[in-house]
1. When the residues of the range 19-41 are filtered to those that are surrounded by 14 or more Cβ atoms within 10 Å (Cβ to Cβ) and out of contact with any strand residue (DSSP E or B) (no Cβ under 8 Å at 6 or more places or on another chain), which remaining residue is nearest to residue 87 (Cα to Cα)?
2. Step by step: first the residues of the range 72-84, then only those that are in contact with a helix residue (DSSP H, G or I) (Cβ under 7 Å, 6 or more places away or on another chain) and part of a loop (DSSP other than H, G, I, E, B), then the one that is surrounded by the most Cβ atoms within 10 Å (Cβ to Cβ). Which residue is that?
3. Give the residues of the range 43-71 that are surrounded by fewer than 14 Cβ atoms within 10 Å (Cβ to Cβ), touching a strand residue (DSSP E or B) at 6+ places or on another chain (Cβ under 8 Å) and under 17 Å from residue 96 (Cβ atoms), sorted by residue number.
4. So, in the range 47-62, how many residues would count as being more than 10 Å from the chain's Cα centre (by Cα) and either closer than 18 Å to residue 32 by Cα or part of a strand (DSSP E or B) (or both)?
5. Scan the range 94-101 and tell me whether some residue there is part of a strand (DSSP E or B), in contact with a strand residue (DSSP E or B) (Cβ under 7 Å, 6 or more places away or on another chain) and in contact (Cβ under 8 Å) with a residue 60 or more places away in the chain.
6. Just checking, which of 69, 38, 34 is in contact with a helix residue (DSSP H, G or I) (Cβ under 7 Å, 6 or more places away or on another chain), in contact (Cβ under 8 Å) with a residue 60 or more places away in the chain and under 24 Å from residue 5 (Cβ atoms)?
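The numbers here are math on the coordinates, done by the rules we state, and not lab data. For clarity, every value in this text was computed on a predicted model and none was experimentally measured. Backbone-built Cβ (ideal geometry, glycine too); neighbour counts: all protein chains shown.
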């Protein structure tokens, strides 16, 4: 059984412009699902991290459901393809000491 004291959440690339062209799952369904997970994370006081990538010259814009539910969650801007190759992200995950990681993200 998973103990809540061992769980943390990583949201990766759930950005407005990245999710918008999704064809496998509708952008609305992706946003709703991520929003529910964000609310549950807050309800259970789980550590949450947001990994984002630049959108050209613009600042990354999270999907509204995450931006609203997790306004104070740490955001890690990365240039690598994976959040797990970003040193700041992996250090923050390790720092919690929690061994169970829930990953919610979008891959293109």
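1. If we filter the range 19-41 for residues that are surrounded by 14 or more Cβ atoms within 10 Å (Cβ to Cβ), which is where we start, we get 19, 22, 27, 30-31, 33-35, 37-39, 41.
Keeping just the survivors that are out of contact with any strand residue (DSSP E or B) (no Cβ under 8 Å at 6 or more places or on another chain) gives 19, 22, 27, 30-31, 35, 39.
Values: 19: 25, 22: 28, 27: 29, 30: 27, 31: 27, 35: 26, 39: 27 Å.
By that ranking, first place goes to 19.
2. Of all residues in the range 72-84, those in contact with a helix residue (DSSP H, G or I) (Cβ under 7 Å, 6 or more places away or on another chain) come to 74, 76, 78, 83-84.
From what's left, part of a loop (DSSP other than H, G, I, E, B): 74, 78.
Details: 74: 13, 78: 20.
Filtering first and then ranking leaves 78.
3. The answer is 44, and nothing else.
4. Residues of the range 47-62 more than 10 Å from the chain's Cα centre (by Cα): 47, 53-61.
Adding the requirement that they be either closer than 18 Å to residue 32 by Cα or part of a strand (DSSP E or B) (or both) leaves 55, 58, 61.
Residues flagged as more than 10 Å from the chain's Cα centre (by Cα) and either closer than 18 Å to residue 32 by Cα or part of a strand (DSSP E or B) (or both) within the range 47-62 amount to 3.
5. Scanning the range 94-101, I find at least one residue that is part of a strand (DSSP E or B), in contact with a strand residue (DSSP E or B) (Cβ under 7 Å, 6 or more places away or on another chain) and in contact (Cβ under 8 Å) with a residue 60 or more places away in the chain, so the answer is yes.
6. Answer to the selection: 34.
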